[in-house]
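The values are calculated or read from the model by the stated rules, or taken from the named source; none is laboratory data. Given the structure is predicted, the values throughout are model-derived calculations rather than measurements. Positions of Cβ are generated from backbone atoms using ideal geometry, with glycine treated the same way; all protein chains shown enter the neighbour counts. Ligands, DNA and RNA are excluded from the accessible area calculation, which covers all protein heavy atoms including side chains. Shrake-Rupley method; radii C 1.70, N 1.55, O 1.52, S 1.80 Å.
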Amino acid sequence: MTHTATPAPLKDLIVYSSEVKAALAENLPLVALESTIITHGMPFPRNVETARQVEADIRSEGAVPATIALMDGKIMVGLEDHDLDRLAQAEDVMKCSRADLTFALSTGRFGATTVAATMMAAHAAGLKVFATGGIGGVHKGAEESFDISADLDELGRTPVCVVSAGAKALLDIPKTLEVLETKGVPVIAYGTEELPAFWSRESGLAAPYTLNSAKEIGALLKMRERFSDHGGVLIANPVPEPSQIPRNEMTGYIDAAIHKAELENVRGKDVTPFVLGAILELTRGRSLETNIALVRNNARLAARIAAELV
Ligand code: PSU
Ligand code: MN
C-alpha cells in the first residue's frame, strides 16, 4: 500500500489540492515539499519561481507534488496556484517547526513548514517521500547554545523518507551525524561514498551508507515499513557538479556569516534564515543558484523513489 490511512482526528484539518486528491485516488506516486524554503530560504520572486519549477520537475518524473503549508487553520497538502502566491507574498509568515505547528493552526496564522513540520503533515496525509534542500541539525557551538534542530528529532520518530543534499556546512556535521545515529535514522548517500554538504559535494566525512539507485532506496524503505514505530530515513543526494561551490571556498563564507549572526545576536529559529541570507550576500547570489539546483535535483530523485513505492 502506498499511502497510510490518515488518523481520524486530523482528517478535517487537511485540505488536499485537486491534483493531490486525484493522485491519492489513483494511487500515483506523491512527493511532499516544504514551504519554509519558499518564505524564509529564498528571496522573492526566485522563491515562487523555484517552487513552481520544483513541482514541474516532480511531474516530469511521473509523480505528483504536494507543497505543504498552514493556512486559515488548515494543513494544506498541495497548494493551488493562488495559494502559493498568497503564501509567497504574505507578510510575517510563521516559520513552523513541530513546536509552532499547532499554534499556527489554532490561531489561523499563515505558517511555512520546516522539514520537521512537513514530515508531520506528510505523515498525517499519508505521504511517504519528501524532497527538500538541506535539513536542520546540530549547530556549531551547540554545546553552549543548545541549538539543535527539531528536524533531527522528527527524523527519529516520523516514518517519512527525506531527500536532501546533506547537512549544511554551517552546522556541526559530525555532531549532526552522531545525533541521527542515536535516534536510529539511516543516513544514505546517493551515488557517493562521501556525505555531501549541501552547497558542496564533499564534507570530508564518509557517509554511513551508500545506495546507487531509487530501486535500492525503495527496497530499504519497504524493509523499514515492516517494523512498527520506525522513524524516518535521510537520503543525502550531492548537488550536481556544475552547480556546486567547493568546500574550501564555502568555509570562508560560512565562517563570516556565522560571525555576523553572533555579532547581531541572532538566536533560535532566526539563525538558519539569517545565515542563509548572509551567505547569499557574501557569494553575490551564487549560493542561491546552487540552492535551486540542489532542490530540483532532490525533487527528481524523490519522485523516482516515490514511484518505487506504488
Ligand atoms: N535549508 C535551506 N533553506 C531553508 C531551510 C533549510 O536551504 O529554508 C529550512 C528548512 O525548513 C529546515 C529549517 O527544516 O530551515 C531548519 O531550521 P532550524 O535550524 O531552525 O530547525
Ligand atoms: Mn535551531
Under a 1.4 Å probe, counting only protein heavy atoms, R201 has an accessible area in Å², nearest 10, of 80
Using protein chains only and a probe of 1.4 angstrom, how many square angstrom of L211 are accessible, to the nearest 10? 30
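Probe radius 1.4 Å, ligands and nucleic acids left out: which of K21, K74, K168 has the largest accessible area, and how do the rest follow? Spell out each step's value before the answer.
On the way: K21 120, K74 70, K168 15 Å².
If we order K21, K74, K168 from most to least accessible, we get K21, K74, K168.
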Report, ordered by chain and residue number, the lysines lying within cross-link reach of K215, taken as a straight Cα distance under 16 Å and ignoring same-chain residues fewer than 8 apart. K128
For K140, the lysines lying under 26 Å Cα to Cα, once residues fewer than eight places off in the same chain are dropped, come out as K95, K168, K175, K183, K260, K269
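Using heavy-atom solvent-accessible surface (probe 1.4 Å) with all chains present, what is the largest-first order of D153, D92, D147?
Ranking D153, D92, D147 by accessible area, largest first, yields D92, D153, D147.
Taking only DSSP H segments of four or more residues, each worth -39500 (n - 2.57), what value at 222 nm results for the chain once the sum is divided by all its residues, to the nearest 500 deg cm²/dmol?
Value at 222 nm, helices only: -14000 deg cm²/dmol.
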Filter the trypsin sites (Lys or Arg not before Pro) in the stretch 223-298 to those in DSSP coil with at most 12 other Cβ atoms within 10 Å of their Cβ, and list the result. R226, R267, R284
Taking amide hydrogens as modeled 1.01 Å from N in the peptide plane, which residues meet the under 5 Å criterion relative to A66, leaving out close sequence neighbours? V31, A32, L33
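Specify the longest stretch of the chain that does not include any exposed loop site, a site being one of the chymotrypsin sites (Phe, Trp or Tyr not before Pro) with a non-H, G, I, E, B DSSP assignment and at most 10 other Cβ atoms within 10 Å.
Values: sites that count: F146, F227.
Longest site-free region, per DSSP loop and neighbour criteria: 1-145.
Report the convex hull volume per residue for the chain, counting only C-alpha atoms, in Å³.
Values: hull volume 37.4 nm³, N = 310.
In the chain, the Cα convex hull volume per residue is 121 Å³.
Using the membrane-span-like helix rule (whole DSSP H runs, Cα extent along the own axis of at least 18 Å, mean Kyte-Doolittle hydropathy at least -1.0), which helices of the chain qualify?
247-263, 286-308
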Heavy-atom accessible area ranking, 1.4 Å probe, most first, across T50, T107, T182: T182, T107, T50
So, in Å, what gap is there between the alpha-carbon centers of the stretch 189-251 and the stretch 45-88? 24
With DNA, RNA and ligands ignored, accessible area of L24 (1.4 Å probe; Å², nearest 10): 50
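Applying 1/(1 + (r/R0)^6) with R0 = 41 Å to the Cβ-Cβ distance of T251 and L13, what FRET efficiency is obtained, to the nearest 0.05?
Working: r = 43 Å, r/R0 = 1.06.
That pair, T251 with L13, gives E of 0.40.
With the contact rule set at Cα under 8 Å and sequence spacing of 6 or more, what percent relative contact order holds for the stretch 8-308?
Relative contact order, the stretch 8-308: 20 percent.
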Which whole-number percent of Cα pairs in the stretch 146-297 have a distance greater than 22 Å? 43
Sorted from largest down, give the three principal axis spans of the alpha carbons of the stretch 200-278, whole angstrom values. 49, 33, 19
